[in-house]
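Structure record follows, encoded as structure tokens.
The values are calculated or read from the model by the stated rules, or taken from the named source; none is laboratory data. All values derive from a computational prediction rather than experimental measurement. Here the Cβ is made from the backbone with ideal geometry for all residues, glycine too, and neighbour counts use every protein chain on show.
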Amino acid sequence: MKEWKFVPSTIVLGYVSIFASCLTFGWEKTWKLLQIPTMSPPFADMRTVQGALYSVSLGLDPQLVNPGDPWGRVMNYPSIWISVADYLNFQTELNYLIFVSFQIALFLLCLSILAKDNPSTTLILLSFSGTTLLCVERGNNDLLVFSFVFLALRLKGIASILLITLATLMKIYPIFALPAFVRQRKVLLTTLFGCLSCLALLSAELVKIRNSTPVSYGLSYGSRSISKAFEHEVRIDLPAIAISICLIIVALLICFSKASYSLLKFKNTERSVEELFIAGGSVYVITFFIGSNFDYRLIFLLLCVPMFLKLERTILKFGLILCLLVAFNYGPLNLVFGSFGSLVNYVAKAFLLISILAILFQMALKSSKKLHLGMVGNRREEKL
């Protein structure tokens with residue numbers, strides 16, 4: 001593994017170089033050179049939270065109207081972010097920049113740990129792909145949520161419970177990563193209770209958050225995004241629910257086909273690799289079905305890379321890695337190939353969805369069989 005030691009340092013040094021360029025040549029010039037659609041002032045996405053403080057001071061609900069944001073966007077995050085912004089005094093620009101820089105630094109630390117444990121050129125390529133770069137350029141808080149979920153999987157125990165619960169309070173969707181904790185029953189049950197409590201607290205906000213999140217078919221993924229793309233590009237009204245059902249049926253057919261046992265066969269996979277896959281895969285699959293999601297959230301597919309690299313079938317492994325690279329690069333594909341590039345990007349995202357869902361189904365079946373055999377064995381011992 002010595003030859004792979006360069007992977008984590010390559011990721012860190014790459015981003016250090018990018019920000020050094022931002023300081024030397026300017027924010028917009030650097031990101032435009034990397035073909036990333038930039039917005040100024042820097043770290044635009046978290047500006048909705050910064051602006052929410054001003055909106056609240058006017059007696060307004062920033063989840064409905066947010067004149068404090070430079071672009072007039074409403075804050076489509078849970079209200080805990082207002083408390084965070086107030087406590088850390090986001091209205092002071094330096095404090096704001098320090099917080100967003102902390103998010104990015106923590107994300108790069110987690111990405112480096114992931115690369116150190118599972119070194120591959122794939123992780124390097126994805127780390128500098130369009131989606132990851134855009135997420136960093138915007139300072140999107142998915143970076144912090146990703147880091148909390150990743151650290152929750154590594155730290156275990158009380159730290160794990162606190163991190164995943166806090167992540168759920170901050171962005172809601174991390175609750176979908178809970179299946180990764182199924183082998184730690186106490187952690188799972190405690191975390192489930194904490195996350196459900198968070199949802200109960202946020203129940204009044206969920207509708208506002210959903211309504212304030214635009215349904216986009218560019219730089220987005222999900223059944224609703226595909227439906228929107230069909231409506232816009234080919235003037236066909238294809239309901240999102242119909243798309244979801246079709247994709248689930250295809251995944252089930254693959255899972256239960258005879259060929260799946262040889263196709264979806266993995267080399268010896270460590271428990272940690274499986275848990276990373278379940279967490280990242282579950283977040284991607286469930287968010288795909290329930291809404292339209294900006295591509296930032298694709299960073300959770302980074303957690304699936306170690307599992308993909310364990311596939312025995314080289315063709316399928318190569319195909320999934322290629323799909324990841326295509327999925328992470330909507331911007332460059334659209335820029336070079338136009339509508340055809342967008343179509344290829346959506347096909348890659350759908351193929352990843354089907355593949356990940358089929359693998360998750362297969363893992364669930366194996367776990368249920370082991371559980372059944374264990375129960376049968378216990379009954380036999382009791383009779384004896």
Original post:
Take the residues of the range 231-246 that are in a helix (DSSP H, G or I) and within 15 Å of residue 339 (Cβ to Cβ): which is modelled with the highest pLDDT?
Top reply: 231
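Matching residues to (1) in contact (Cβ under 8 Å) with a residue 40 or more places away in the chain; (2) under 17 Å from residue 295 (Cα atoms); (3) buried (at least 18 other Cβ atoms within 10 Å of the Cβ); (4) out of contact with any Leu (no Cβ under 8 Å at 6 or more places or on another chain):
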residue: 126; (1), (2), (3), (4): yes, yes, yes, no
residue: 164; (1), (2), (3), (4): no, no, yes, no
residue: 214; (1), (2), (3), (4): yes, yes, no, yes
residue: 218; (1), (2), (3), (4): yes, yes, no, yes
Original post:
If you go through the range 181-221 one residue at a time, how many are assigned to a helix (DSSP H, G or I) and of a type in the set (S, T, N, Q)?
Top reply: 6
Original post:
If you take the residues in the range 120-136 that are assigned to a helix (DSSP H, G or I) and of a type in the set (Gly, Ala, Ser), which one is farthest from residue 42 (Cα to Cα)?
Top reply: 127
Subject >> Among residues of the range 285-318, those that are outside any strand (DSSP E or B), touching a helix residue (DSSP H, G or I) at 6+ places or on another chain (Cβ under 8 Å) and within 19 Å of residue 120 (Cβ to Cβ), counted >> reply: 16
**OP:** Quick one: which helices (runs of 4 or more DSSP H) lie wholly within the range 1-93 and hold at least 3 residues that are under 23 Å from the mean Cα position of the chain (by Cα) and surrounded by 16 or more Cβ atoms within 10 Å (Cβ to Cβ)?
**Re:** 6-25, 47-57, 80-87
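Listed here are the residues, each with its yes/no results for (1) crowded, with 24+ Cβ neighbours inside 10 Å; (2) modelled with pLDDT of 90 or more.
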site	(1), (2)
273	no, yes
280	yes, yes
291	no, no
341	no, no
348	no, yes
